[in-house]
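The structure under discussion appears below in the form of structure tokens.
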Amino acid sequence: MPRLYCLLIAAALAASGLAQAKTLNFSGYAWEVRNQIQSGPGPNDWDENNAWVDAQGRLHLKIAQRGGKWSSAEVYLPQRLGFGRYQFKLIGRPDLFDDNIVLGLFNYPTPDVGPDASNEIDIEFARWGNRQNPMGNYTVYPAVPGPKPTSYAFEPHLNGDYSTHRFNWNASSVLYQSLHGHQDGDQYEMARWNFAPADPSRLVPQQPLPPHINLWLFQGRPPKDGKEVEIVIQEFSFIPAAAK
């Protein structure tokens, strides 16, 4: 890449504030912390002070109220990961979230891979503002623009503060699981969905994607109960799919 082009990119990043992004070391990866005002989803204010790693190496995300304003949290990896198993061990009770709280554990495309509403693999805990909606949501967005995303909703009933959530992604399918406790096995499963469409090249993302974790407010609405929210991610792990 020409040196002048590199300098232009660096200048653009500095002007946008992205070059100074806060970085957190969590589960063996360097995560960048989002710091933006009034941007989607939501829109939300994303405050870098709402994400931190504690002395035990656990990632904390918080929805906070400061000076009468609410703000959310998001971290993401600058690098893309491909087919394999993505696993998140949570501490907290997403099944008891306020109706306006959203927790996302997901892959999201960079602009060169595809536009919004494509190439995304989601685990989300949200009622989308309505108490009647199920809290658990698995969603796969298509590899090409046009087709609608496919979702599976469920009602999680955790038996404590510890839970494990994962998706196993390959070229033909995405297998989701949510389980009680912190584990790497398949015991105490509370939800499972295997998305294996007849046309996976169109309906299953095919290119490597960067993982994201976020905690935010649906349509930017404050929690109905007026309380701040915090969730802890004990561990993130990625196991690449075996080469064929």
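The values are calculated or read from the model by the stated rules, or taken from the named source; none is laboratory data. Bear in mind that the values here come from a model prediction, so they are computed numbers and not experimental data. Note: ideal-geometry Cβ built from the backbone for every residue, glycine included; neighbour counts use all protein chains shown. Remember, those area values only see protein heavy atoms, side chains included, never the ligands or the DNA or RNA. Shrake-Rupley method; radii C 1.70, N 1.55, O 1.52, S 1.80 Å.
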Along the dipole axis of segment 153-244 (charges at Cβ: +1 for Lys and Arg, -1 for Asp and Glu; origin at the Cα centre), the most positive-end residue among 203, 232, 167 is 203
Going by a ≥ b ≥ c, the root eigenvalues of the Cα gyration tensor, does segment 11-119 fall in the rounded group (a/c under 1.5), the prolate group (a/b larger than b/c) or the oblate group? rounded
Accessible area per residue of the chain at 1.4 Å probe, in Å²? 48
Rounded, prolate or oblate: pick one for segment 99-162, where a ≥ b ≥ c are the square roots of the eigenvalues of its C-alpha gyration tensor, a/c under 1.5 means rounded, and failing that, prolate if a/b is larger than b/c, else oblate. prolate
Mean separation of Cα pairs under 8 Å and 6+ residues apart, divided by the residue count of the chain: what relative contact order is that in percent? 26
Could you check how much of the accessible area of the chain is carbon and sulfur, as a whole percent, using a 1.4 Å probe? 52
With a cut-off of 8 Å between alpha carbons and a minimum separation of six or more residues, what is the relative contact order of segment 143-226 in percent? 26
Just how large is the dipole of the chain about the Cα centre, in debye to the nearest 20, putting +1 at every Lys and Arg Cβ and -1 at every Asp and Glu Cβ? 300
By its C-alpha gyration tensor, with a ≥ b ≥ c as the square roots of the eigenvalues, how is the chain shaped: rounded for a/c under 1.5, else prolate for a/b larger than b/c, else oblate? rounded
Give me a comma-separated list of calculated 3J(HN,Hα) values for segment 136-153, in order, Karplus coefficients 6.51, -1.76, 1.60 applied at θ = phi - 60°, integers in Hz, x for any Gly or Pro. x, 9, 10, 9, 10, 9, x, 6, 10, x, x, x, 6, x, 10, 10, 9, 10
Suppose only helical runs count, i.e. DSSP H with n ≥ 4. What mean residue ellipticity at 222 nm does that imply for the chain under -39500 (n - 2.57) per run, divided by all residues and rounded to the nearest 500 deg cm²/dmol? -2000 deg cm²/dmol
